[in-house]
Amino acid sequence: MATPKQPHSPNRTSLGRASRNRKGSARVTDRGRQVDPTARDEIRTLLGERPRNRDLLIEYLHLIQDGYGCITAAHLAALADEMSIPMAEAYEVATFYAHFDVVKEGQTPPPALTVRVCDSLSCALRGSEQLRRALQEGLDPKRVRVVRAPCMGRCDSAPVVEVGHRHLGHSTSEDVVACIAGGDFSPVLPQFPSFDDYQAEGGYGLLQSCRNGERRVEDVIELLNSASLRGLGGAGFPAGRKWDLVRREPRPRYLAVNADEGEPGTFKDRHYLEQNPHRFLEGVLLAAWAIEAQATYIYLRDEYPALRIVLQDEIERLEKEGLINKGDIRMRRGAGAYICGEESAMIESIEGKRGYPRERPPYVAQVGLFDRPTLVNNVETLYWLREILDKGADWFASHGRNGGRGLRSYSVSGRVARPGVHLAPAGITLRELLEEYCGGMEEGHRLKGYLPGGASGGILPAALDNLPLDFGTLEEQGCFIGSAAIMVLSDQDDMGAAALNVMRFFADESCGQCSPCRNGTEKIVQILESKEWHIELLSDLSQVMRDASICGLGQAASNPIESLMRHFPNDVIVRETRHE
């Protein structure tokens, strides 16, 4: 652990006092913004003996936000001074993330309690906008702030509201008012097998056999290749091949775990982490063993506060049991930025920076975290490792259907009788998924369309409910499976409104680094909000975004619009526009 930064050194102070202004008079203070002594003392007390490392900036911004309910200019200046970074750098990071309330000088801090109402598609279908309005009208704005929020990863219990750090599913205004009156805003911890329970069933035995040399890394990688295990965060890159690529790079290497599933409609990672965190952690340690990782970073989205407590406690238990050394696994907390689900943006965030995607090449397998080779794996990918290695590649691969191989966890929400995470054969069709796993459509609703891969995966009509839901099977229709977030729409839903909903999400979540995405998403929203749509302009904007955006957000953001124009012509109103 690095030695904490000492209070202002005499040399620094004397240099500041010895400098002179343009008139030749001696300065009595340092250049730039002066740090308020009270704010400095508060920041030093808050940080305590924690190291003042640059990559911990976002973690310390969370400490301020949690401790004081906002981040004032005085606290931000004191934190920047304490960490020896420019004030501008601290400010640009703090204002990039949605969960930090940066209060400028002269501004009024927000109320002590914030109520977030999810406005993503699955919750919108369940009346979240009406719920938000009712809460705004019924709650005292001086005591409670009510705001819109993007997907919280609980689409199966829509509409979802977060009161402080407590999530309420299937929410009503009465539920929220009762929660506020009760005064308990802490997260509800899930029930799961303890370390002792997991170990009693053979848990961590596979890890020990690998560490003892009973299994060769090359054999494990070959087994993963034979099982056709792919990255299940959305990209679908073969897991074994990725491990091999990183292993070929020089040491030191890192493992970064992507637990920032922010795609609207996706909640499978939360589901598995709540059900069996130790099975996930054993997968993490197996991957770290395979690439000889110097350290592992788990980047967990801030919308999962209960899981942050669970994982921190269970990691400490692993340290106590001697399975890992202190610091082998390090938690990093997201701050409300969908873009950080992109692997290079996630790495930037882990390093304490804005979540700007990097241009590639080089790829993160070569130049990743702290400029070292980095393996990035998704939660579900790691969750499957123990079972695949125990039962064999043939067991996993044999579960496919319609040409698919393996098992997929489909996050299903919307107009279905039984929403939730449904473990089914890869390649299953929507028709089969609805009939065999979801109990069919919700009563009184008929299938009209569905989003097969979350907000960015496009929209397919009911007539195409027989397509295999797998990697590489939907691209011909302008869609993709991604993280297998299935949002089902019915004959009672407005397809244009659904497309507008997801485009508003992308406009809000664009990081702003490149103009095709930054301006393109906003312009598409403006067109969709008009009474009639300029189809030619929509197509042009979509093409530019696909061709010129830096990362997958901008490249895929227009997929729902393209799908709507292609598959739902009756829902599209064409407006002719004269070009001046």
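Annotations
- Among the residues of the range 56-114, those identified as open to solvent by 30 Å² or more (accessible area, probe 1.4 Å) and among the charged types (D, E, K, R) are 59, 66, 89, 92, 104, 105.
- Residue 354 being open to solvent by 10 Å² or more (accessible area, probe 1.4 Å), more than 20 Å from residue 293 (Cα to Cα) and at pLDDT 95 or above: yes
- Selected residue [open to solvent by less than 50 Å² (accessible area, probe 1.4 Å) and touching a residue at least 12 places away in the same chain (Cβ under 8 Å)] from 446, 405, 415: 415
- Residue within the range 567-574 that is at pLDDT below 95, under 21 Å from residue 452 (Cβ atoms) and of a type in the set (Asp, Glu) present: yes
- Unique residue being farther than 20 Å from residue 285 by Cα, of a type outside the set (D, E, K, R), under 17 Å from the mean Cα position of the chain (by Cα) and not in a strand (DSSP E or B) when the list is 339, 347: 339
- When the range 251-271 is limited to residues that are outside any loop (DSSP other than H, G, I, E, B) and open to solvent by 10 Å² or more (accessible area, probe 1.4 Å), the one that is nearest to residue 345 (Cα to Cα) turns out to be 258.
- When residue 94 is tested against (1) hydrophobic (A, V, I, L, M, F, W, C); (2) within 24 Å of residue 265 (Cα to Cα); (3) under 19 Å from the mean Cα position of the chain (by Cα), only condition (2) is not met.
- Among residues of the range 455-478 being more than 22 Å from residue 570 (Cα to Cα) and among the charged types (D, E, K, R), the one that is least open to solvent (accessible area, probe 1.4 Å) is 470.
- Matching residues in the range 198-218 - criterion: being under 13 Å from residue 286 (Cβ atoms) and part of a helix (DSSP H, G or I): 205, 206, 207, 208, 209, 210, 211, 217
- Here residue 65 meets each of (1) in contact with a Phe, Trp or Tyr (Cβ under 6 Å, 6 or more places away or on another chain); (2) at pLDDT below 95; (3) of a type in the set (S, T, N, Q) with one exception, condition (2).
- Counting only helices (runs of 4 or more DSSP H) that fall entirely inside the range 74-185 and contain at least 1 residues that are more than 30 Å from residue 48 (Cβ to Cβ) and in contact (Cβ under 8 Å) with a residue 12 or more places away in the chain, the qualifying elements are 121-124, 128-138, 173-182.
- Within the range 508-540, the set of residues being within 26 Å of the chain's Cα centre (by Cα) and among the hydrophobic types (A, V, I, L, M, F, W, C) comprises 511, 514, 517, 524, 525.
Residue-wise test of (1) in contact with a strand residue (DSSP E or B) (Cβ under 6 Å, 6 or more places away or on another chain); (2) among the β-branched types (Val, Ile, Thr); (3) open to solvent by 10 Å² or more (accessible area, probe 1.4 Å); (4) not in a helix (DSSP H, G or I).
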{"residue": "225", "(1), (2), (3), (4)": "no, no, yes, no"}
{"residue": "233", "(1), (2), (3), (4)": "yes, no, yes, yes"}
{"residue": "249", "(1), (2), (3), (4)": "no, no, yes, yes"}
{"residue": "273", "(1), (2), (3), (4)": "no, no, no, no"}
{"residue": "278", "(1), (2), (3), (4)": "no, no, no, no"}
{"residue": "281", "(1), (2), (3), (4)": "no, no, no, no"}
{"residue": "289", "(1), (2), (3), (4)": "no, no, yes, no"}
{"residue": "296", "(1), (2), (3), (4)": "yes, yes, no, yes"}
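- Residue selected from the range 512-553 under the condition surrounded by 20 or more Cβ atoms within 10 Å (Cβ to Cβ) and β-branched (Val, Ile, Thr), by the criterion nearest to residue 362 (Cα to Cα): 550
The values are calculated or read from the model by the stated rules, or taken from the named source; none is laboratory data. Everything quoted here is computed from the prediction, not taken from an experiment. Virtual Cβ from ideal backbone geometry, glycine too; neighbours counted across all protein chains shown. These area figures cover heavy atoms from the full protein model, side chains too; ligands, DNA and RNA do not enter into them. Shrake-Rupley method; radii C 1.70, N 1.55, O 1.52, S 1.80 Å.
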